Amino acid sequence: MSAPIQEETKEVSCVDFLAFQDALKRMRLLDDRIIYSLNTSIPTDSFSKEVNAAAQCEKLYKQMSGAYQQRERIIKKCITEVSDNVNTLRQAKTKNEDDLEISKNLRKEQNKLRLMQTELNIEEVLKDKSYRTFDEKCRRVYTIPKLNV
């Protein structure tokens, strides 16, 4: 289970949105397979004495938390990067309003920024859904630590 998280520790490019989205998709494999991960980690009542369910839940929770932090960091980094590009292009447009190339690039970057902000919202929905599923399966043996927010 930890392989998808570890292999994506390299930096994701913010220049090409499709490549950015593909990288996020690969990083979201843990969320896609959360039910399978929980079913293979948490024993049924008949096998509960053979496997430490609390330790398995804690391990899965740490993997999930690490993946969410990493993806959120990458998305926010890209939003900041693209936002800076948009601001630079806006300044260039105010200096040269007739330049169609600047206008075209500005619209392109603004669209990319909106798409990346949407990815941040998608990430929040995925996180909530996965934590809810996790809690349904693990609440008897593991309590999610309270976050200082």
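The values are calculated or read from the model by the stated rules, or taken from the named source; none is laboratory data. Bear in mind that the values here come from a model prediction, so they are computed numbers and not experimental data. Note: ideal-geometry Cβ built from the backbone for every residue, glycine included; neighbour counts use all protein chains shown. Just so you know, the surface numbers come from the protein's heavy atoms only, side chains and all, with ligands and any DNA or RNA stripped out. Shrake-Rupley method; radii C 1.70, N 1.55, O 1.52, S 1.80 Å.
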query = Does I35 satisfy being part of a helix (DSSP H, G or I), closer than 25 Å to V15 by Cα and β-branched (V, I, T)?
reply = no
task = Evaluate the following for N121: is it part of a helix (DSSP H, G or I), at pLDDT 95 or above and surrounded by fewer than 11 Cβ atoms within 10 Å (Cβ to Cβ)?
result = yes
ask   = If you check D31, D84, which single one turns out to be open to solvent by less than 20 Å² (accessible area, probe 1.4 Å) and of a type in the set (D, E)?
value = D31
remark   = Matching residues in the range 128-145 (in contact (Cβ under 8 Å) with a residue 24 or more places away in the chain and either in a helix (DSSP H, G or I) or among the hydroxyl-bearing types (S, T, Y) (or both)) number 8
ask   = How many residues, within the range 110-149, are closer than 18 Å to Q63 by Cα, of a type in the set (D, E, K, R) and in contact with a Phe, Trp or Tyr (Cβ under 8 Å, 6 or more places away or on another chain)?
value = 2
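Residues are listed down the side, and each one gets a yes or a no for (1) open to solvent by 70 Å² or more (accessible area, probe 1.4 Å); (2) modelled with pLDDT under 95; (3) in a helix (DSSP H, G or I):
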position: A92; (1), (2), (3): no, yes, yes
position: K108; (1), (2), (3): yes, no, yes
position: K112; (1), (2), (3): no, no, yes
position: L126; (1), (2), (3): no, yes, yes
key: Selection from the range 52-65 of residues that are exposed (fewer than 15 other Cβ atoms within 10 Å of the Cβ) and modelled with pLDDT of 90 or more   = K62
